[in-house]
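First up is the structure itself, then whatever we jot down about it.
Read-outs: derived from the displayed coordinates by stated rules, not from any lab. Just so it is clear, the structure is predicted and the values come from calculations on it, not from any experiment. For neighbour counting, all protein chains shown are included, and Cβ atoms are generated from backbone atoms with ideal geometry for every residue, glycine included.
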Amino acid sequence: MGSFLDSVPTSGIIRIRDLMYAVERPFRLDQGDVSFDAPDTFKAAIKAAVDANHSHYLQTAGLPRLRQLLADKLRRRNRIPVDDPDELLITNGGVHALYLASQALVEPGDEVLMPDPVWPQMLTALAASGARPVRVPLHESRGWRFDLDEVAAHITPRTKGIYVNSPGNPAGGVFTREDLARLAGLVREHNLWVIADEAYEDVVFDGHEHVSIASFEGLHDRTASMFTFSKTYAATGLRLGYLALRNPVWRARATKLLALTATNVSSIVQYGAIGVLEGDQHIVELYRAELQARRDLFYAGVGEAAGHVFSGAPPDGSFYAFMKIDPSWTPPPEATSPSQSWAMMEYLVGKGRIGCVPGVDFGPTGENHLRFCFARDRAELSGALDAMRALFR
Ligand SMILES: Cc1ncc(COP(=O)(O)O)c(C=O)c1O
């Protein structure tokens, strides 16, 4: 395994972060972190847990009360037919849940369908489990959703599973109920498993709905459904996620790995999570509405600010603007890469202090695009637009 990890690719996002540290007064539209803070209910429950000395080992899979609350939430909101809180594992953020799921479900050499563009961390997690990723394009013309005929055409006898991410990172596509019903049919027909990444379940705009694939007939038994507190409760650094896994074999494997990698997730944070779930949930809608306003602010300005070098429709979900770069834009001579999107990222970071991620980092379909995170506060977004105006004048 040690030397095998040498061949597992890492994302350019790390290199970009290093570039950003060299920039004075940067606009951090590169990283997927919201500017809000965690709700007071979360913070108060964390403080109470510290005072109550809840600083000891816990059950590997997580606090029973927390798993009970989450099982109720999955049944009520996501319509996933969870029978027992034992189906849930509490993890160190969504990233940890996705790693456990990849390790538990994949056999080396298995073909796994995944969207293109895709969040690179998932590509890495699957590659680290020995999977052979097979990219299926998302189409900008379809709001960055799959063409389901194309998905069907990519299924071969070697295909074992599919990674479903909706709302999506980086492009913000939200799969419709019809998309997911058709996908569920393909999964049943070809006896596949699913890793469902629902990190952005609460970030959907303009009345779109988030639907969980595990809510379809028979799908909960075949799916590892991943959720996180990071985006819903603006708590990226607290590291709290969860995995719903009914299949007992997969769950035993994932539990073993959870014990090996973490023993249990931070007790203090788990008590905090109970506090936030028992508290008023109106904050989730406040965050969502503010993100929609920030999306609209960014899109209202970006076309004119960048001299129409960037184009694209606002996303239906998640908090990224995934914009096409005008093909006639020519990179400056000092560009270090033949990739247009990488050259544009270097230009915006180096000359405009504007963080962004080149589309090429998310796969071949992403080339000639840039990803900007609009979850930053309004002043930072406006500052980035002003910097673009100065740059493209
Ligand atoms: C698509 C997607 N899935 C999962 C995650 C996991 O987030 P976390 O580990 O903070 O829960 C992220 C974070 O950016 C993401 O973009």
Counting other beta carbons within 10 Å of each Cβ, put PHE362, PHE36 in order, fewest first.
PHE36, PHE362
Can you give the Kirkwood hydrodynamic radius for the stretch 141-181, in Å, rounded to one decimal and based on Cα pairs?
11.3 Å
Using only the Cα atoms of the stretch 5-86, each taken as one equal point scatterer with no solvent, compute I(q) by the Debye sum, divide by I(0), and report log10 of the ratio at q = 0.19 Å⁻¹.
-0.96
In whole percent, what relative contact order does the stretch 55-278 give with Cα contacts below 8 Å and a gap of six or more residues?
28 percent
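Which whole-number percent of Cα pairs in the stretch 55-278 have a distance greater than 34 Å? Show your work: numbers first, answer last.
On the way: 2199 of 24976 pairs.
The proportion of pairs with Cα distances above 34 Å equals 9 percent.
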Students often get this wrong: which residues of the stretch 204-229 have the backbone nitrogen under 13 Å from the point 7 angstrom along Cα-to-C-beta of ALA181?
216-217
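Return the calculated 222 nm mean residue ellipticity for the chain, to the nearest 500 deg cm²/dmol, obtained by summing -39500 (n - 2.57) across DSSP H runs with n ≥ 4 and dividing by the residue count.
-12500 deg cm²/dmol
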Can you run phi through the Karplus equation (6.51, -1.76, 1.60; θ = phi - 60°) for the stretch 287-297 and list ³J(HN,Hα) in whole Hz, with x for Gly and Pro?
4, 4, 5, 5, 5, 5, 5, 5, 4, 5, 4
Note, ³J(HN,Hα) from phi for the stretch 251-258, Karplus 6.51, -1.76, 1.60, rounded to Hz, x at Gly and Pro:
5, 5, 5, 5, 5, 4, 5, 4
Sort HIS96, HIS308, HIS154 by Cβ crowding within 10 Å, fewest neighbours at the top.
HIS308, HIS154, HIS96
So for the stretch 214-277, Kirkwood radius off the Cα pairs, Stokes-Einstein at 37 °C and 0.692 mPa s: how many µm² s⁻¹?
248 µm²/s
Listed by chain and number, the lysines with an alpha carbon less than 28 angstrom from that of LYS160, same-chain partners under 8 positions apart left out, are LYS256
From the phi of every residue in the stretch 229-234, what ³J(HN,Hα) in whole Hz does the Karplus formula 6.51 cos²θ - 1.76 cosθ + 1.60 yield, where θ is phi - 60° and glycine or proline is x?
7, 4, 8, 4, 10, 6
At 25 °C and 0.890 mPa s, grab the translational diffusion coefficient of the chain from Stokes-Einstein with a Kirkwood Rh over Cα pairs, rounded to a whole number in µm² per second.
113 µm²/s
Can you pull the Kirkwood radius for the stretch 1-147, inverse mean 1/r over Cα pairs, to one decimal in Å?
19.3 Å
How many percent of DSSP beta bridges within the chain run antiparallel, rounded to 5?
50 percent
Which residues' amide hydrogens lie under 5 Å from the amide hydrogen of ASP116, considering only partners 5 or more residues apart or on another chain, with H built in the peptide plane?
VAL136, LEU138
Which whole-number percentage describes the relative contact order of the chain, with Cα contacts under 8 Å and a sequence gap of 6 or more?
25 percent
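Under the Kirkwood approximation for Rh and a Cα-based Rg, what ratio Rg/Rh is obtained for the stretch 156-254?
Ratio value, two decimals: 0.98.
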Connecting C-alpha atoms closer than 10 Å in a GNM of the chain, tell me which of ASP30, ASP84, ASP202 has the biggest fluctuation.
ASP84
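Using the count of nearby Cβ atoms within 10 Å as a rough guide to exposure, how do TYR233, TYR287, TYR347 rank from fewest to most?
Fewest to most other Cβ atoms nearby, the residues stand as TYR347, TYR287, TYR233.
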10 Å-binned pair-distance histogram of the stretch 10-50 (Cα, whole percent):
22, 31, 21, 25
